[in-house]
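The values are calculated or read from the model by the stated rules, or taken from the named source; none is laboratory data. The shown structure was predicted, so the numbers you read here are calculated from the model rather than taken from an experiment. For neighbour counting, all protein chains shown are included, and Cβ atoms are generated from backbone atoms with ideal geometry for every residue, glycine included. In case anyone asks, the SASA skips ligands and DNA or RNA and just uses the protein heavy atoms, side chains included. Shrake-Rupley method; radii C 1.70, N 1.55, O 1.52, S 1.80 Å.
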Amino acid sequence: MNLSPNSPRFLQPNSGHDQDSSLAEPTKVICLGSSAGGLSALVDFFRRMEPGSGRAFVVIQHLKADAPSLTPEILSRVTSMPVTAAHDGEVVLPNHVYTIAPNTQLTMSDGRLHVAQRTESSGRHKPFDRFLKSLAIDCRERAIGVVLSGYDGDGSDGFVAIKAMGGRTFAQDKSAEVDEMPQHAMATGCVDQV
């Protein structure tokens, strides 16, 4: 998959939004989901992403509940956009990157992030699906889902929701270190581009 953020089929121009205004609404909200092997794809994505695109980015990873995440620190090394762990009630701003913290679940409504403690104690935790479904409702055609390397089918239900609301979806191609998440997403028939 050509995950080049500058690909004309991937994302559209800023549509005239004031990129300098920290209070402007993002032109698009892009959620990237991954687990095993996904960090290198995330680094590559943000290394190539134009920092003044007017878009907001939310990174959802499968994280161990009891271990700290170094994702904000790692991504901060490859982009000039602010990269922070999401805080409850935080307004989603353009040209910012938000990451999920360990042992939490993340959703979005009314342009704000909502952080809660993870409720699943056992079984399958699907943080990517949970966020994508809320993103689809909140941002409709401005929602974009990108599934990267990872295990299980997390993201598949969220891709269906994004497409139902007019958003766009992308899956990493065979370059994914672990292709289960991209393959499950493609099996839904709701992937716009690989």
Consider all pairwise Cα distances in the chain and report the whole-number % of them above 24 Å.
30
Tell me the mean residue ellipticity at 222 nm calculated for the chain from its helices only (DSSP H runs of n ≥ 4, each -39500 (n - 2.57), averaged over every residue, nearest 500).
-7000 deg cm²/dmol
Got a number for carbon plus sulfur as a percent of the stretch 152-194's accessible area, 1.4 Å probe?
48
Relative contact order of the stretch 106-194, please, whole-number percent, based on alpha carbon pairs below 8 angstrom and at least 6 residues apart.
27
Tally up the carbon and sulfur contribution to the accessible surface of the stretch 28-79 as a whole percent, 1.4 Å probe, everything protein left in place.
53
For the ranges 69-76, 89-96, 50-57, 27-34, what's the packing order if you count other beta-carbon atoms within 10 Å of each residue, average per peptide, and put the highest first?
27-34, 50-57, 89-96, 69-76
If packing is taken as the average number of other Cβ atoms within 10 Å across a peptide's residues, how do 104-115, 38-49 rank, most packed first?
38-49, 104-115
Can you give me the accessible area per residue for the chain, using a 1.4 Å probe, in Å²?
45
